[in-house]
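Read the figures in this text as sums done on the coordinates, not as results from a lab. Here the structure is a predicted model, which means the values were calculated and not measured. No Cβ is skipped: glycine too gets one built from the backbone with ideal geometry, and neighbour counts run over all protein chains shown.
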Amino acid sequence: MTDDNLDTLIARIGHDHVARRLAVETEHEAQLFGQGTLVFNLENWRVAPVVVDTALKLAGLYGRARRNADRVLIERNTVTCPHLPPGFDGFTILQISDLHADISVGAMRHLTSFAGDIAYDICVLTGDYRGRTFGWFDKSLLLMQELCAQLKPPLYGILGNHDSIRMTPALEAMGIRMLFNESESIARGDETIHLAGIDDAHFYRADDIAKAAARIPRDTFSVLLAHTPESYREAADAGFDLMLSGHTHGGQLCLPSGIAIKLEARLPRHMGAGAWRHAQLAGYTSRGAGTSLSPVRLNCPAEVTLHTMRRG
């Protein structure tokens, strides 16, 4: 069973994909154990936010953690690739990830206040617009609309493990081209690069990197949007040059050295935040602009990231 307002999306990506994702949302989205790559879904444990907040209060860190969560930094990352087309040298991508808008209202307000002043060529949103993994998303969409009104097109996005596919029509109405194992070409004069995006690989297991890469010539520069960096091996094998992800929040609560206490992803720890490499694939894992469970951060600033492409 599908919703009438998803008819346009069904026509584009197929009934089977939409129906499968809706089935998982109906049967599993509030599930505590199992589903996807998870054994225990901490985000669906109702007392988890209380445990986190209580521990921070007992340690005398709650006030600091709350203030940290409301500040969003602009990080800068340079990506060098020898076969980047000359016309794209200096091309910039603004990455915004893990907004969890209804939980992270302070961060959303701060980001919205300066987003319109950032200069970039394209903006990509790498998933998790809703706070919880299930339930209503009206407040999240309202806050997203306020942010998107400040962003300059073109905008491209993917869904994360917190998002419902039912959010897609509203997100696309805001001007975001949502990618479901699809790709788009970006041209400058007679030169082209390619941008692909996959559906969530962490909880919904709805990703298909081969399908996303199918229309991209192997010898051209290509970027993959993947909510979780856990798909890095498949992205490298498919020939992508750059993979932009989020999901981990960089740990959100870290030790003073910046080491994450816990990462909600199965991957090497050095891929949990910031720039990394695997074989010929350059990657970046955003710490995210918002927060999960509770609006708190320690030793792990919220970020949006400005990536600059360089021909090396």
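Close amide H partners of His247, meaning residues 5 or more places away or on another chain with modelled amide H under 5 Å apart, are Asp98. In this structure, the amide hydrogen of Leu84, modeled 1.01 Å from its nitrogen in the peptide plane, lies closer than 5 angstrom to those of Gly312, counting only residues at least 5 positions away or on a different chain. With both bridge residues required to lie in the chain, what share of the DSSP beta bridges run antiparallel, to the nearest 5%? Antiparallel bridges make up about 35 percent of those DSSP assigns within the chain. Scalar couplings 3J(HN,Hα) for the range 245-257, obtained by applying the Karplus form with A = 6.51, B = -1.76, C = 1.60 to θ = phi - 60°, are 9, x, 6, 7, 6, x, x, 6, 10, 10, 5, x, 7 Hz; x denotes Gly and Pro. Stretching the chain fully between Arg269 and Phe134 yields a gain of 45.8 nm (0.36 nm per residue, less the alpha carbon separation). Here r is the Cβ-Cβ distance between Leu255 and Ala48 and R0 is 22 Å; the resulting FRET efficiency, rounded to 0.05, is 0.65. Couplings 3J(HN,Hα) for the range 104-110, derived from phi with the Karplus relation 6.51 cos²θ - 1.76 cosθ + 1.60 (θ = phi - 60°), are 10, 5, x, 5, 4, 5, 5 Hz, where x marks Gly and Pro. Taking a spot 7 Å from the Cα of Glu146 along the direction of its beta carbon, which residues of the range 265-297 have an amide N less than 17 Å from it? Under cut-off, by backbone N: 289-291, 295. Here the simple spin-label model places points 7 Å from the Cα toward Cβ, and for Asp190 and Ala11 these points are separated by 3.5 nm.
Distance between the pseudo-spin-label points of Ala19 and Asp208 (7 Å out from Cα toward the beta carbon): 1.4 nm.
Between Met178 and Gly157, the built amide H atoms are under 5 Å apart, and every one of these is 5 or more places off in sequence or on another chain. All other residues whose Cβ lies under 14 angstrom from that of Leu255 are scored, Lys and Arg at +1 and Asp and Glu at -1, for a net of +3. The phi-based Karplus calculation (6.51 cos²θ - 1.76 cosθ + 1.60; θ = phi - 60°) puts the 3J(HN,Hα) values of the range 77-92 at 9, 9, 10, 10, 9, x, 9, 5, x, x, x, 9, 5, x, 4, 10 Hz, whole numbers, x for Gly and Pro.
Paramagnetic label reach from Arg277 (point 7 Å along Cα→Cβ; backbone nitrogen cut-off under 18 Å): within the range 241-257, residues 241-244.
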